[in-house]
Amino acid sequence: MLDVRVGLADVARRAGVSPATASRVLSGSGPASATSRAAVLDAAAELGYQPHPVARQLARRSGTRVVFAVRDARPDILRDPFVTRATAAMAAALDPYQIGVSLRRVGLDCAAELAELASDRGLAAMVLAGHDRELLAHLPSRLRGRTATIGTGGADVDSAAGVGALLAHLQAHGRRRIALVAGPSWLAASAPPVAAYRELARAAGQPVRLVRGDFTSARGRAAARSIMRRWPDTDAIAAVSDATALGVMQALAAAGIRVPDDVAVTGFDDAPPAAAAHPALSTATHPVEEIAAAAARAALGGSPPVTLFPSKPRFRRTCGGSASTP
């Protein structure tokens, strides 16, 4: 993580220069007057500033922006709240280094698009979301060492723990026929919640009722209708996104099914609409901003870590048990 005690901006303020000048002096990557250079070096020494690995890497790297590449088949994916939140967090994390962020959607079959990005001289690094393991194994050589991922194998949320805690809560409050609206099968990040669901169902001797979603409310509505048609005795529906869960609630309400009296509902993301829904949606935390910032710094640092961020449940009325919001 960035040094929260002393940063580049602190050095610039102490020296009375711009962050850009301080960056050039400390990285040795550009011109600065003798007076400014001396002021920056003195300020860095006084404050005990230690350059972050990202800053050291930037001194050796060309390119002016990080590309946030989102792999998805939906043309409107770039408007998704997860994408917009992640993009803003990356921009904030990279601003001290004067590195910009550009957003791009790539298709599921994106070999040609990744090859194009690899040849882009303005690209300093890439953050990739929506990947699968096969895609990572076939990245262009020029993207290796400067690509980090959001999701399985990179900076990710412990979705298995978050979804698992919600499912266990449903079971503890008497729900025995729980359906799961999972993510798309091609997405690597969809696997952990499904594995947690199957394991909890197996351990409790409960049936597996699994349908696939795409993190949208529209798909949530369709999934709920499918679940209640196929398994009309379902007493709980867990979804792996809040948008999907809200769509589930809409479809249940339209069918005259009461939440949580007849069917309990849980989501995942802890997005603002979850608390504002009526009844308020049980969900689990998803630190999107922390994950995105970590991925951006890792991509520039050259050695992306595998970092699993914790997810904690927020029990509200839709889970059918006692409500609390820790």
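The values are calculated or read from the model by the stated rules, or taken from the named source; none is laboratory data. Because the structure is predicted, anything quoted here is derived from the model rather than measured. Positions of Cβ are generated from backbone atoms using ideal geometry, with glycine treated the same way; all protein chains shown enter the neighbour counts.
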Scope region 261-295; condition part of a loop (DSSP other than H, G, I, E, B), of a type in the set (Val, Ile, Thr) and touching a residue at least 60 places away in the same chain (Cβ under 8 Å); matching residues:
none
Odd one out for Glu46 among (1) over 30 Å from Thr285 (Cα atoms); (2) modelled with pLDDT of 85 or more; (3) in the same structural domain as Ala298 (by TED's automatic domain parsing):
(3)
Mind listing whichever residues of region 4-20 are modelled with pLDDT under 90, of a type outside the set (S, T, N, Q) and over 10 Å from Ala44 (Cβ atoms)?
Val4, Arg5, Gly7, Ala9, Pro19, Ala20
Counting only residues that are farther than 23 Å from Pro193 by Cα and touching a helix residue (DSSP H, G or I) at 6+ places or on another chain (Cβ under 7 Å), how many does region 258-292 have?
2
Can you list residue pairs whose Cβ atoms sit under 6 Å apart, with the first residue in region 184-197 being free of Cβ contacts under 8 Å to residues at least 60 places away in the same chain and closer than 18 Å to Gly154 by Cα and the second being of a type in the set (A, V, I, L, M, F, W, C) and in a helix (DSSP H, G or I)? Count only pairs 6 or more apart in sequence or on different chains.
Pro192/Ala160
Output for region 121-141, where each listed residue is in contact (Cβ under 8 Å) with a residue 40 or more places away in the chain and either assigned to a loop (DSSP other than H, G, I, E, B) or farther than 21 Å from Tyr97 by Cα (or both):
Arg121, Gly122, Ala129, Gly130, His131, Asp132, Arg133, Leu135
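For every residue, the table says whether it meets (1) farther than 27 Å from Met90 by Cα; (2) within 21 Å of the chain's Cα centre (by Cα); (3) at pLDDT 90 or above.
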{"position": "Asp262", "(1), (2), (3)": "yes, no, yes"}
{"position": "Ala271", "(1), (2), (3)": "no, yes, yes"}
{"position": "Ala293", "(1), (2), (3)": "no, yes, yes"}
{"position": "Ser303", "(1), (2), (3)": "no, yes, no"}
{"position": "Arg314", "(1), (2), (3)": "no, yes, yes"}
{"position": "Thr318", "(1), (2), (3)": "yes, no, no"}
{"position": "Thr325", "(1), (2), (3)": "yes, no, no"}
Would you check if Ala161 is crowded, with 16+ Cβ neighbours inside 10 Å and without any contact (Cβ under 8 Å) to a residue 12 or more places away in the chain?
no
Please verify whether region 229-252 includes one or more residues that are more than 23 Å from the chain's Cα centre (by Cα), over 23 Å from Arg314 (Cα atoms) and aromatic (Phe, Trp, Tyr).
yes
